[in-house]
1. Answer yes or no as to whether SER69 is open to solvent by 30 Å² or more (accessible area, probe 1.4 Å), out of contact with any Phe, Trp or Tyr (no Cβ under 6 Å at 6 or more places or on another chain) and at pLDDT 95 or above.
2. Please work out which residue is surrounded by the most Cβ atoms within 10 Å (Cβ to Cβ), limiting yourself to region 6-33 and to residues that are out of contact with any Leu (no Cβ under 7 Å at 6 or more places or on another chain) and among the β-branched types (Val, Ile, Thr).
3. When residues of region 39-57 are filtered for being aliphatic (A, V, I, L, M) and either open to solvent by 60 Å² or more (accessible area, probe 1.4 Å) or on the phi > 0 side of the Ramachandran plot (or both), how many remain?
4. Quick one: which of ILE36, ILE62 is assigned to a strand (DSSP E or B), open to solvent by less than 50 Å² (accessible area, probe 1.4 Å) and under 10 Å from GLN5 (Cβ atoms)?
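The values are calculated or read from the model by the stated rules, or taken from the named source; none is laboratory data. Note that the structure is a prediction, hence the values are computed from the model and not measured. Here Cβ is always computed from backbone atoms with ideal geometry, including for glycine, and neighbour counts include all displayed protein chains. In case anyone asks, the SASA skips ligands and DNA or RNA and just uses the protein heavy atoms, side chains included. Shrake-Rupley method; radii C 1.70, N 1.55, O 1.52, S 1.80 Å.
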Amino acid sequence: MIRIQFLTAPGCIECERAKAVFQKVKKQFPYLKLQIEEIDITTLKGLKLAVEHSVLSNPGIIINDELFSTGHLDQEKFIDKILAL
């Protein structure tokens, strides 16, 4: 199972784009077991994760407890990363 923590913020356009990437990837690779947890960065849990992983822009994407990206999510790099796991 690939665990993805997705730090979002209210009104974040890049967060909405990242959600679309996740949906597209789930359809393209249905055999991958992606567990995606969306966490609002303004909550205590979200703030804790943001500080712990040095997330300075939204969205923050943490894969298996390791920071993968912040800001714009590059779909090709995301696919490469999850296929390598």
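1. no
2. My answer is THR8.
3. The initial filter retains those residues of region 39-57 that are aliphatic (A, V, I, L, M), namely 39, 41, 44, 47, 49-51, 55-56.
Subsequent filtering for residues that are either open to solvent by 60 Å² or more (accessible area, probe 1.4 Å) or on the phi > 0 side of the Ramachandran plot (or both) retains 44, 47, 51, 56.
Result for region 39-57: 4.
4. Numbers: ILE36 fails: open to solvent by less than 50 Å² (accessible area, probe 1.4 Å).
Exactly one residue qualifies, and that residue is ILE62.
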